[in-house]
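A.B. asks: One structure is given below, represented as structure tokens, and several questions about it will come after.
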Amino acid sequence: MKVDVLLGLQWGDEGKGKVVDVLTPRYDVVARFQGGPNAGHTLEFEGKKYVLRSIPSGIFQHGQINIIGNGVVLDPVLFRQEAEELEKSGVDLRSILRISKKAHLITPTHRLLDAANEKAKGGKKIGTTGKGIGPTYTDKISRNGLRLGDVYHNFNEKYATLRSLHLARLATLDANPGDELAELESKWMDAIEYIKTYQIVDSEHLVNTLLAEGKSVLCEGAQGTLLDIDFGSYPFVTSSNTISSGACSGLGVAPNKIGEVFGIFKAYCTRVGSGPFPTELFDETGKTIRDLGHEYGAVTGRERRCGWIDLVALRYAIMLNGVTQLIMMKSDVLDGFDEIKACVAYKINGEETRQFPYSIEEEIEPVYVTLPGWKTDMTRMQSEEEFPTQFKAYIEFLERELSTPITIVSIGPDRKQTIVRK
Ligand code: GDP
Ligand code: IMO
Ligand code: MG
């Protein structure tokens with residue numbers, strides 16, 4: 001069997017959590033391969049809403065195995081909070097969840113370093129989620145990191161070594177922690193004991209054994225392609241490979257085992273944190289999209305910046321990921337618009353290009369095509385036959401521009417507000 005991958009094509013928050021939940025019944029296994037509690041994946045069904053951060057979005061269906069892969073970075077304290085809440089709502093997490101021994105641990109000092117690094121950058125700050133993501137991946141790459149499997153191998157000594165390294169770094173940033181550190185560490189160590197009550201496994205062996213047994217696997221991406229460490233709007237990116245190749249390195253799955261790649265995008269575009277955003281709208285339209293789309297961070301509550309859909313960036317994302325099917329989210333947010341714009345090219349120094357450039361921090365003038373709106377409430381529709389003509393035309397336009405079929409359209413936050421196209 002092959003693994004299918006589902007990931008975001010924009011700057012995150014495309015609606016990955018919702019769609020993973022919807023697709024889970026088709027699979028035996030759901031696995032996260034990168035990122036950590038910087039993610040906030042929202043699911044809504046039966047009048048309830050859940051936000052998942054480190055735990056995969058396949059936990060609410062029919063007992064599928066859910067895996068946190070080696071490419072994920074895990075904060076034990078936040079994991080515990082998330083897991084305890086889920087257990088309270090009746091999810092038998094211990095029986096369905098497996099966590100990789102090779103997942104790196106986010107320590108309290110990683111979070112302090114994240115804050116100190118941001119402060120040191122001043123006006124050039126990334127606008128991180130403050131969860132210690134960058135410093136944890138930095139330690140992984142510089143071979144200083146602490147892995148979950150280390151809890152069984154001289155853990156206290158390894159923790160102490162990393163801690164001293166961090167305290168020295170914090171001192172150079174003039175960010176010596178106060179008394180609060182001892183309290184944070186004690187909570188963190190308790191959470192380590194809690195996490196040890198879960199099934200901590202060699203997830204690369206587990207995934208490959210399951211595939212060999214004919215089980216189907218869906219890999220759930222976090223963040224989005226434009227936040228990828230290599231190909232995103234560097235340096236305003238996250239610290240992991242969010243693209244489909246990240247599923248290989250983040251789970252131990254070989255490239256020839258990748259099957260379908262589902263690329264998710266919103267019918268418009270959003271971004272949280274700093275960094276360039278060529279189609280950003282600073283006017284009333286941007287505000288209207290934010291209000292109608294409830295575009296506020298799932299975890300941080302931060303306002304999301306809003307703009308028109310960017311097909312230059314989407315074509316680039318489709319190329320990098322090898323997207324085989326597109327999933328369009330939040331089209332209902334545009335239900336009331338008279339006209340909708342789509343950026344089909346960039347004008348840079350007077351020259352028009354359809355190719356995503358090295359840097360989008362330069363002066364970019366988006367070249368827009370204007371399409372008529374559909375002016376119809378689509379949120380209760382049951383099938384694509386009910387779609388208004390103008391909406392069908394919008395889908396056809398996007399499929400032509402992106403040379404990829406749109407196979408699912410989401411028309412509201414609930415599980416049921418999802419139309420699978422024939
Ligand atoms: P993720 O990080 O990619 O999982 O996305 P988030 O959960 O951070 O953000 C997506 C937001 O849009 C959540 O509040 C979802 O409940 C909501 N949402 C998802 N799909 C739709 C949709 O089709 N229409 C509307 N109106 N909201 C949606
Ligand atoms: P999901 O999985 C949107 C953004 C942050 C910041 C940059 C770096 O819910 O789509 P980090 O804390 O990762 O070092 O922050 O990346 N960012 C996200 N934006 N959705 C996310 O996750 C994000 N995770 C990180 O806002 O700009
Ligand atoms: Mg999110």
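The values are calculated or read from the model by the stated rules, or taken from the named source; none is laboratory data. Predicted model, so just to flag it, every value in this text is computed and none were measured. Positions of Cβ are backbone-derived with ideal geometry, glycine not excepted, and every protein chain shown enters the neighbour counts. For the accessible areas, the whole protein counts, side chains as well, though only heavy atoms, and no ligand, DNA or RNA atoms are used. Shrake-Rupley method; radii C 1.70, N 1.55, O 1.52, S 1.80 Å.
A.B. asks: Report yes if some residue within segment 344-351 is among the acidic types (Asp, Glu), loosely packed, with under 13 Cβ neighbours inside 10 Å, out of contact with any Cys (no Cβ under 6 Å at 6 or more places or on another chain) and over 24 Å from Leu6 (Cα atoms); otherwise report no.
C.D. replies: Taking segment 344-351 as the starting set, the residues that turn out to be among the acidic types (Asp, Glu) are 351.
After this cut, where a residue has to be loosely packed, with under 13 Cβ neighbours inside 10 Å as well, the list is 351.
Adding the requirement that they be out of contact with any Cys (no Cβ under 6 Å at 6 or more places or on another chain) leaves 351.
Subsequent filtering for residues that are over 24 Å from Leu6 (Cα atoms) retains 351.
Yes, segment 344-351 contains a residue that is among the acidic types (Asp, Glu), loosely packed, with under 13 Cβ neighbours inside 10 Å, out of contact with any Cys (no Cβ under 6 Å at 6 or more places or on another chain) and over 24 Å from Leu6 (Cα atoms).
A.B. asks: Find all pairs meeting these conditions: Cβ atoms under 6 angstrom apart; at least six residues apart or on different chains; first residue within segment 297-325 and at pLDDT below 95; second residue open to solvent by less than 20 Å² (accessible area, probe 1.4 Å).
C.D. replies: Ala298/Gly40; Val299/Gly40
Quick grid of which residues meet (1) out of contact with any strand residue (DSSP E or B) (no Cβ under 6 Å at 6 or more places or on another chain); (2) closer than 16 Å to Val19 by Cβ:
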residue	(1), (2)
Gln223	no, yes
Ile229	yes, no
Ser233	yes, no
Ala254	yes, no
Gly259	no, no
Ile264	no, yes
Tyr268	no, no
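A.B. asks: So, one more: Within segment 129-149, is even one residue among the acidic types (Asp, Glu), touching a Gly at 6+ places or on another chain (Cβ under 6 Å) and farther than 22 Å from Trp11 by Cβ?
C.D. replies: yes
A.B. asks: Another question about this same structure. Only one residue in Glu396, Glu384 is of a type outside the set (Phe, Trp, Tyr), more than 26 Å from the chain's Cα centre (by Cα) and under 16 Å from Val22 (Cβ atoms). Which one?
C.D. replies: Being of a type outside the set (Phe, Trp, Tyr), more than 26 Å from the chain's Cα centre (by Cα) and under 16 Å from Val22 (Cβ atoms) holds for just one of Glu396, Glu384, which is Glu384.
A.B. asks: For segment 111-128, name all the residues that are within 16 Å of ligand 1 (Cβ to nearest atom) and open to solvent by 40 Å² or more (accessible area, probe 1.4 Å).
C.D. replies: Thr128
A.B. asks: Can you name the residue in segment 271-308 that is more than 8 Å from ligand 2 (Cβ to nearest atom) and on the phi > 0 side of the Ramachandran plot and is also least open to solvent (accessible area, probe 1.4 Å) among such residues?
C.D. replies: Among them, the one singled out is Gly301.
A.B. asks: Which condition breaks for Val20 when tested against (1) within 12 Å of ligand 2 (Cβ to nearest atom); (2) open to solvent by 10 Å² or more (accessible area, probe 1.4 Å)?
C.D. replies: So Val20 meets the others, but not (2).
A.B. asks: From (1) at pLDDT 95 or above; (2) closer than 27 Å to Lys124 by Cβ, pick out the condition that doesn't hold for Glu362.
C.D. replies: Answer for Glu362: the failing condition is (1).
A.B. asks: Under 6 Å by Cβ, and 6 or more places apart or on different chains, what pairs join a residue from segment 52-71 that is at pLDDT below 95 with one that is crowded, with 22+ Cβ neighbours inside 10 Å and among the hydroxyl-bearing types (Ser, Thr, Tyr)?
C.D. replies: Gln61/Thr24
A.B. asks: For segment 213-270, enumerate the residues that are in a strand (DSSP E or B) and more than 14 Å from ligand 2 (Cβ to nearest atom).
C.D. replies: Matches in segment 213-270: Val217, Leu218, Ile258, Gly259, Glu260, Val261, Phe262.
A.B. asks: Here is a further query. (1) assigned to a loop (DSSP other than H, G, I, E, B); (2) farther than 18 Å from Gln223 by Cβ: which one isn't true of Val323, the others all being true?
C.D. replies: (2)
A.B. asks: Same structure, new question: Looking at Leu74, Leu43, can you tell me which residue is out of contact with any Pro (no Cβ under 6 Å at 6 or more places or on another chain), within 15 Å of ligand 2 (Cβ to nearest atom), within 25 Å of Tyr234 (Cα to Cα) and open to solvent by less than 30 Å² (accessible area, probe 1.4 Å)? Please lay out each step first, then the result.
C.D. replies: Values: Leu43 fails: within 25 Å of Tyr234 (Cα to Cα).
Every option except Leu74 fails the conditions.
A.B. asks: So which pairs qualify, if the first residue must be in segment 330-341 and farther than 18 Å from Val19 by Cβ, the second must be in a helix (DSSP H, G or I), the Cβ gap must be under 7 Å, and the two must be at least 6 apart or on different chains?
C.D. replies: Matching pairs, first to second residue: Ile340/Leu334; Ile340/Tyr394.
A.B. asks: List the strands (runs of 3 or more DSSP E) inside segment 1-95, counting only whole elements, that have at least 2 residues being of a type in the set (A, V, I, L, M) and within 16 Å of ligand 3 (Cβ to nearest atom).
C.D. replies: Correct list: 3-8, 48-52.
A.B. asks: Would you be able to say whether some residue in segment 250-266 is of a type in the set (Val, Ile, Thr), open to solvent by less than 40 Å² (accessible area, probe 1.4 Å), closer than 24 Å to Ile348 by Cβ and in contact with a Phe, Trp or Tyr (Cβ under 9 Å, 6 or more places away or on another chain)? Give the derivation first.
C.D. replies: Taking segment 250-266 first, the residues of a type in the set (Val, Ile, Thr) are 253, 258, 261, 264.
Now narrow it down to the ones that are open to solvent by less than 40 Å² (accessible area, probe 1.4 Å): 253, 258, 261, 264.
Now narrow it down to the ones that are closer than 24 Å to Ile348 by Cβ: none.
Within segment 250-266, none of the residues are of a type in the set (Val, Ile, Thr), open to solvent by less than 40 Å² (accessible area, probe 1.4 Å), closer than 24 Å to Ile348 by Cβ and in contact with a Phe, Trp or Tyr (Cβ under 9 Å, 6 or more places away or on another chain).
A.B. asks: Moving on to the next point. Could you tell me how many of the residues in segment 200-236 are more than 16 Å from ligand 1 (Cβ to nearest atom) and either open to solvent by 10 Å² or more (accessible area, probe 1.4 Å) or among the hydroxyl-bearing types (Ser, Thr, Tyr) (or both)?
C.D. replies: Counting residues in segment 200-236 that are more than 16 Å from ligand 1 (Cβ to nearest atom) and either open to solvent by 10 Å² or more (accessible area, probe 1.4 Å) or among the hydroxyl-bearing types (Ser, Thr, Tyr) (or both) gives 22.
A.B. asks: If you go through segment 237-249, how many residues are surrounded by fewer than 17 Cβ atoms within 10 Å (Cβ to Cβ) and among the aliphatic types (A, V, I, L, M)? Give the derivation first.
C.D. replies: Residues of segment 237-249 that are surrounded by fewer than 17 Cβ atoms within 10 Å (Cβ to Cβ), as a first pass: 249.
Still in the running and among the aliphatic types (A, V, I, L, M): none.
The total comes to 0.
A.B. asks: Looking only at segment 328-351, count how many residues are within 14 Å of Arg290 (Cα to Cα) and of a type in the set (Phe, Trp, Tyr).
C.D. replies: 1
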